[in-house]
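Chemist: Got a structure for you, written out below as structure tokens; questions coming shortly.
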Amino acid sequence: MRNAKSGFANPLETWNKRFDRQEYIFGTAPNEYLACQADLLSAGQRALVVADGEGRNSVWCAQQGLVVDAFDLSPVAVAKAQKLAAERGVHVNYYVSDIDEWTWTPETYDVVVVIFVQFATPEMCARLFANCIRALKPGGLVILQGYTPRQLEFKTGGPSILEHLYTEPMLREAFSSVDMVECRFYEAEISEGTHHSGMSALAGMVGRRRI
């Protein structure tokens, strides 16, 4: 999560510096947990990809036929995302924004995607999750992946601050107003560029806004 209160002294500068290289630091393939939810998606649905970084997940959503909005704090990342979308022959509406500045229009999206958005205080996370629910149409889905506290042992990606990691009680409380399709905590080997690579402690969640 790329925001001024995320634990970095200057988050914009930090993320721009990380992304300012030719390689895609998290790879160009979609997050595996997100890709496994493909059967829940339908062409023509409207999707929002939060803190999308270099575009791997928004591009994949567009390849499924979704109408996609995506944002990230880093203009360097957004430029790389636009390049990736052009190379893959899909269109995504990209914006430069942080999560608190984004216009969370109520009941707008069929799908909200939140993948490894974890550089945030618990208070910011609470705002983010509430806004994600608010932005969903009735019956819409939130698809989330993140690291759990055991990731501090694996050290294969993600934040080093315990409070930024996801626990099952935290997610179930934050998303108590939606119907939980899945809330899974597991360990798996992942390979997402140079920054997410190796055995990892993961949370995967799909929630459906009540009609």
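Chemist: Out of (1) in contact with a helix residue (DSSP H, G or I) (Cβ under 9 Å, 6 or more places away or on another chain); (2) part of a loop (DSSP other than H, G, I, E, B), the odd one out for THR194 is which?
Modeler: The failed condition is (1).
Chemist: Something else now. Quick one: is ARG208 at pLDDT 95 or above, open to solvent by 70 Å² or more (accessible area, probe 1.4 Å) and either assigned to a strand (DSSP E or B) or touching a strand residue (DSSP E or B) at 6+ places or on another chain (Cβ under 6 Å) (or both)?
Modeler: The answer is yes for ARG208.
Chemist: Can you tell me how many residues in segment 157-178 are open to solvent by less than 30 Å² (accessible area, probe 1.4 Å) and among the β-branched types (Val, Ile, Thr)?
Modeler: Residues flagged as open to solvent by less than 30 Å² (accessible area, probe 1.4 Å) and among the β-branched types (Val, Ile, Thr) within segment 157-178 amount to 1.
Chemist: If a residue must be of a type in the set (Ser, Thr, Tyr), within 23 Å of ALA38 (Cβ to Cβ) and modelled with pLDDT under 95, how many such residues does segment 154-196 contain?
Modeler: We begin by selecting, within segment 154-196, every residue of a type in the set (Ser, Thr, Tyr); these are 156, 160, 166-167, 176-177, 186, 191, 194.
If we keep only those that are within 23 Å of ALA38 (Cβ to Cβ) as well, we get 166, 186, 191.
If we keep only those that are modelled with pLDDT under 95 too, we end up with 191.
The total comes to 1.
Chemist: Cβ-Cβ under 9 Å, sequence separation 6+ or interchain: first residue in segment 138-165 and farther than 28 Å from GLU107 by Cα, partner charged (D, E, K, R) and outside any strand (DSSP E or B). Which pairs?
Modeler: Pairs found: THR148/GLU168.
Chemist: Something else about it: Restricted to segment 161-191, and to residues that are part of a strand (DSSP E or B) and of a type in the set (Val, Ile, Thr), which residue is nearest to the chain's Cα centre (by Cα)?
Modeler: ILE190
Chemist: Are there helices (runs of 4 or more DSSP H) fully within segment 35-150 with at least 2 residues that are under 19 Å from ARG18 (Cβ atoms) and open to solvent by 60 Å² or more (accessible area, probe 1.4 Å)? List them.
Modeler: Per the criteria, 75-88.
The values are calculated or read from the model by the stated rules, or taken from the named source; none is laboratory data. In this text, all values refer to a predicted model and were calculated from it rather than measured experimentally. Quick reminder, even Gly has a Cβ in these numbers, built from the backbone with ideal geometry, and neighbours come from all protein chains shown. SASA here: full protein model, heavy atoms, side chains in, ligands and nucleic acids out. Shrake-Rupley method; radii C 1.70, N 1.55, O 1.52, S 1.80 Å.
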